[in-house]
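Below is one structure, written out as C-alpha cells; the observations come after it.
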Amino acid sequence: MDSKRLRPFHIVLGLGLGFAAFTVASGIASAITEFKNPAEITRHPWENIPNGWKAAFYTVIPIFLVWASWEFAKRVKNWERGGPDNRRTTVANVKTRLEDLRRGVYMRTLLREPGAGVMHTMIYVGFIVLLGVTTTLEIDEQLPDGAKFLHGRVYQVYSAVGDVAGAVFLVGVVWAIVRRYGPRRLRPYRIRIKSRPEHAVILGTFLAIGITGFGAEVFRIAHQGVPAFEKWSVIGYPLATQMRGLEGLDHWHQFWWAGHVVTFVAFLVLLPITMLRHMVTSPLNMYLRDKDRPKGAMKPMPNLMETDLETFGAATVEDFTWKQLLDTDACTMCGRCTSVCPAHATGKPLDPREIVLKTGEVMAATGDPATTPPLGTVPEITVEANSVFERITGEEVWACTSCKACDEICPVNIEILDKILDMRRYLSLMESDFPSELGQAYRSMENSGNPWGMSQGDRGAWATEFEGITVLDGGDPLSSEYLYWVGCAGSFDDKNRKVTRAVAKLLQRAGVSFSILGPAENCTGDPARRSGNEYIFQMLAMQNIETLNEMGVKKIVTQCPHCFNTLANEYPQLGGHYEVVHHTQFLEALIEDGRLDMTGARLDERVVYHDSCYLGRHNDVYLAPRRVVGSLGGVEVVEAQRNGTKGMCCGAGGARMWMEETIGKQVNVERSQELLATGADRIATACPFCYIMIDDGIKAEGADDDVVVGDISMHLLEALENRDAALEQARQSELLTIRTKAPVAATAVAVAATIPDVVATPAPEPEVPQAEPVSEAAEPAPAPETEAAAAEPEPEVAEPARTPDDFTRIKGTDPALARALPEHGIVTYEDLAALDDAAARDLEAALEIPGRISKWKWPAQAAALIAERDETD
C-alpha cells in the first residue's frame, strides 16, 4: 500500500485536529472581540469565570480532542488491516444508506425492545440535545452584538429545552444504572453475564455530567440574584431559589462549573478507548449496512481450481474484511444476539457476542500500535499471536446453526454469521478440523451427489406414481414452464417424499406445467458451503449450473428453503441466474389467482407455523406460508412465543443436520416444546430439515399421537382431498336418491296403464285393502262428453340429452366445480352465459362459492368460449 496515499485514519486524525483548531480559534476570537449581548434577558457564558480558567478551558479541551482523534485513528488503522469490501455510496444506494443511518440515529432498531430502547433513547437524545445547547451558546458568543440571537423569548425557550433535555438524560442514566446494578429481577441475563468495571466508570461519568451541569446552572442563577426571566429554566430556577442567601455563591458556581468541565474531559478520554465509542461507530456501521450481495448469500470466493490464493477462510485479522473489523468496534455489547441464539439457549459453547468481542480483542492486541479491546478483559486473558483461534475455539464455531437470529436482532447491523462461516472455511479447507460426522457427508456429496449417500438413480423414483411428470435427462431442453427442484431431502428422505408428492399433486391440480431433473439433479451444495467446504460446494454448483444453463431453465420451484436460498442468491456468483420461487410463495400465488381453488377446503383445527430460518431471516419470506395456511376454512392460526424475525431455529441449519448434538439440550426439543405450548393440533413447516427435526422433537415429547406435523403442502392437500371426497360422496348420494326414485315412478305408470277405461264399481268397504297401491293410480271414468278427448292424449316429445361443456376452461373453477355445475342446471356455456346477476348470486350460494362467479366473470368467459367455438365451426 502506498504510504503517501490519504488513508481513512489520516482523515480521522485531520478531523480531530480541525475540531481542536476551531476550539482554540473560538477562544482567541472571543478574547479579542469581547462581543457582549446588551439584552437584559440573556446569558453571558463566562460570567463569574476567571480569565485564567477560560484560557485553561480553551487549551485543555483542544488537547483532549486531538488525543481522542489519535485514539480513534489507531482503531481505524486497525480496520484497514482487513480485506476489501465494497460498501461505496452510489446513486443507487444513497437513499437506502441514509434511511439506515436515520434508523440508527432515531433509535428505531433499539426500540424493538421497548425497555432498553427507551432508556438508550433518553440517554442518547438527551446528551445530543445538551451538546447542541452548549454549541449554540458558543456560536452566539462569537457573533457581533447585532447578530446575537440568544435573548428574550428565544433565550427562555432555549433554557427550557436545555433543562428538559438534562432531566431526560439523567433519568435515562439512572435507569441504566438500575438495569445493570439494581435488583436481579431487573437485570436481564444478557447484561448480568457481561458487566465490566468500565460500565460503572461510563455510567458514573454520565451521571456526573448531568449533575454538575445542573449544579453549575443552579448556582449561576442564584449568583445572579434569581432573576424572574430564568423561570424558564424549569429545573435550575426552583433549585436556585433554595440557594438564595447562601454565602460564597460565586465560589459555588465556579466549583460546579469546573466539575462540569472535568467530567466532559473524562468523557473525551473514555470515548475512544471504551465501549462508549459506539456512539460514533454504531451509526457509521448502520450507514454501511447495504452490501452488494443478497441477504442470504455468503461471501463469494474465487474458483478454487484456478485461484492463486494460498489460504482460504479467516484465521488472522487480515483474513477478515475491513467492514467485519469495524463491526467489532461498533458493538454495543447489549447481548441481544446472545439472547436469541438457539445454541447458547440450549447450553452450547457458542455466544455470538463473544465471537465479535474476541475477534476485536485479537485485532486490538496485534495492532500497530496496539489499542484497547472492544470491552475490558480480565488480566489473565492474553493474546500472543495474530490468530482469532487464540481466543475462539472450534467448538464455538461448529455449534452455530447459521439461523441468522444474531444478525437479525442486532440493533447496529453487525454481521456476526459471516465471521463464523469464514472461520469454518478456514477450519475445513486449511486445517481439516471439522466434526468427524461431516466427513461422511462430504464424501457422500463428492461421490454420490447428495449428503445422504443414496444412489442418484433413485432421485426420481417417487415420480413413477404420477402421470404427466416428465423426468428430464440433463441434456434435454426444458419444454415445461417450470423446473421443480425436488432437492435431496425431497428425493431420499421418507418423510419428505410425502412433501414432494403433495407439492406435485398441488401443482397438477393447478394446471402448472413442470418437469423434474431426477438423476441429473445434484445437491445444491448448501451443506458443504455452510460447513466451510467451498471446494465441494463449487464442484456441485458448477455441475448444476452447467446442466440448468444447457437446458435453458429460467423458472425454478423448490420446496427446500436451503435450495431456494442457494439457487437464488449464491448461484449467480458462479453464473447461474434463475427466477427461483419457494413452494409456499408459489402456492400463495396459485390460490390468489384462483388456479388452486380453496372453496370448501377446511381444517377445523388449531395450526401453528414454524418459521424456517432460511426462508424467513435469510430471505424475508414470512407472510406467504401464513397466508397459505390462512386460506383454509375453519383453521385457527396461532403463533409460537418466538415467531417471525425472532423465530427459533429447528437446529439443523448450517450443516448441523449432519452433525451430532452431544452438548446441552437438543435445539429441536426446545423448539418443539414451544410449539406444543400453543395447544396446536397441527404444526406446519416449510422446510425439509424443519419437518424432520420438529417431527422428531414432537415424538421425543410423546405428543406424536395428538399433534400432526407436516409441511404446509401436506396440510393443504389433505384439506382439498377431504373436500373433494365430501363433494363426491354428496354427488353419489344424490345420484343414489335419483336412481331409487326413478323405478317407483315407472312402476306406477305401468300399473296405471293396465287399468281399463271403464267405470269402476266400488268394492264393499271391508274388502278393500287400505294399502293397495293400485287404488291410488285408478281414476274415475271420464264423462261421456270428454271420453273421446281422453282417449287420444297429446304425444310427449322427449328433450334430447345435452352434452356438458368443459367448464375447467373457465378461470376460477376446478374439476370439482366443473362436475357440480350440471347438477345445478348449468350444462353448457350458453347456460352459464345466460346468467344474470341475481341468478349468479343464487348459483354462488348453492355452490358455496360466495363472490367467485362475479369476481372471475364466468358469464363473460362463457360467452367468449362460445364465440371461439363458433369461429372454429
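The values are calculated or read from the model by the stated rules, or taken from the named source; none is laboratory data. Every value quoted in this text rests on a predicted model; they were computed, and no experiment measured them. A quick note on method: Cβ atoms are made from the backbone with ideal geometry, for glycine too, and the neighbour counts reach across all protein chains shown. Each accessible area value is taken on the protein alone, full model and side chains, heavy atoms only, with ligands, DNA and RNA left out. Shrake-Rupley method; radii C 1.70, N 1.55, O 1.52, S 1.80 Å.
Any residue that is farther than 27 Å from Leu421 by Cα, in a helix (DSSP H, G or I) and either touching a residue at least 40 places away in the same chain (Cβ under 8 Å) or touching a Leu at 6+ places or on another chain (Cβ under 9 Å) (or both) - is there at least one of those in region 678-692?
Of the residues in region 678-692, the ones farther than 27 Å from Leu421 by Cα are 678-684.
Filter once more, keeping what is in a helix (DSSP H, G or I): none.
No: region 678-692 contains no residue that is farther than 27 Å from Leu421 by Cα, in a helix (DSSP H, G or I) and either touching a residue at least 40 places away in the same chain (Cβ under 8 Å) or touching a Leu at 6+ places or on another chain (Cβ under 9 Å) (or both).
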Report summary line: Considering region 816-835, residues that are over 48 Å from the mean Cα position of the chain (by Cα) and in a helix (DSSP H, G or I), and then whichever is surrounded by the fewest Cβ atoms within 10 Å (Cβ to Cβ), we arrive at Glu830
Query raised in the report: Taking region 537-588 only, how many residues are farther than 12 Å from Tyr482 by Cβ, under 19 Å from the mean Cα position of the chain (by Cα) and among the β-branched types (Val, Ile, Thr)?
Result: 2
Query - region 55-70, residues that are surrounded by 19 or more Cβ atoms within 10 Å (Cβ to Cβ) and either polar (S, T, N, Q) or closer than 23 Å to Val317 by Cα (or both) - result: Ser69
**Report entry** Residues that are of a type in the set (Phe, Trp, Tyr) and open to solvent by 90 Å² or more (accessible area, probe 1.4 Å), drawn from region 1-24
**Finding:** Phe19, Phe22
Query - Pair list, Cβ under 9 Å, 6 or more apart: region 717-739 residue within 13 Å of Glu823 (Cα to Cα), other residue open to solvent by 70 Å² or more (accessible area, probe 1.4 Å) - result: Leu727/Arg819; Glu728/Arg819; Arg731/Arg819; Arg731/Glu823; Glu734/Glu823
Query raised in the report: Here are Gly27, Gly52: which of them is open to solvent by less than 20 Å² (accessible area, probe 1.4 Å), over 43 Å from the mean Cα position of the chain (by Cα) and without any contact (Cβ under 8 Å) to a residue 40 or more places away in the chain?
Result: Gly27
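When you go through Val621, Val557, Val580, Val608 one by one, which is the residue that is among the β-branched types (Val, Ile, Thr), within 23 Å of Asp292 (Cβ to Cβ) and assigned to a strand (DSSP E or B)? Walk me through how you get there before you give the answer.
Working: Val621 fails: assigned to a strand (DSSP E or B); Val557 fails: within 23 Å of Asp292 (Cβ to Cβ); Val608 fails: within 23 Å of Asp292 (Cβ to Cβ).
The match here is Val580.
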Report summary line: Of (1) open to solvent by 70 Å² or more (accessible area, probe 1.4 Å); (2) farther than 22 Å from Ser282 by Cβ, Leu131 satisfies every one except (2)
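Look through Phe312, Phe219 and report the one residue that is crowded, with 19+ Cβ neighbours inside 10 Å, assigned to a loop (DSSP other than H, G, I, E, B) and either out of contact with any helix residue (DSSP H, G or I) (no Cβ under 9 Å at 6 or more places or on another chain) or not hydroxyl-bearing (Ser, Thr, Tyr) (or both).
On the way: Phe219 fails: assigned to a loop (DSSP other than H, G, I, E, B).
So the residue among Phe312, Phe219 that is crowded, with 19+ Cβ neighbours inside 10 Å, assigned to a loop (DSSP other than H, G, I, E, B) and either out of contact with any helix residue (DSSP H, G or I) (no Cβ under 9 Å at 6 or more places or on another chain) or not hydroxyl-bearing (Ser, Thr, Tyr) (or both) is Phe312.
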Requested in this report: Taking the residues in region 281-302 that are surrounded by fewer than 17 Cβ atoms within 10 Å (Cβ to Cβ) and in contact with a Leu (Cβ under 8 Å, 6 or more places away or on another chain) as candidates, determine which candidate is farthest from Ala92 (Cα to Cα).
Outcome: Pro302
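Those residues that are in a helix (DSSP H, G or I), farther than 30 Å from Ile414 by Cβ and in contact (Cβ under 8 Å) with a residue 12 or more places away in the chain, I need them from region 110-146; list them, please.
Residues of region 110-146 that are in a helix (DSSP H, G or I), as a first pass: 110-112, 114-142, 145-146.
In the following step, the residues that additionally are farther than 30 Å from Ile414 by Cβ were identified as 133-142, 145-146.
Those that are in a helix (DSSP H, G or I), farther than 30 Å from Ile414 by Cβ and in contact (Cβ under 8 Å) with a residue 12 or more places away in the chain: Val133, Thr136, Leu137, Glu138, Asp140, Glu141, Gln142, Asp145.
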**Report entry** From Gly511, Gly576, residue being in contact (Cβ under 8 Å) with a residue 12 or more places away in the chain and open to solvent by less than 30 Å² (accessible area, probe 1.4 Å)
**Finding:** Gly576
Requested in this report: Considering only residues that are part of a loop (DSSP other than H, G, I, E, B) and of a type in the set (Asp, Glu), look in region 453-502 and name the one that is least open to solvent (accessible area, probe 1.4 Å).
Outcome: Asp493
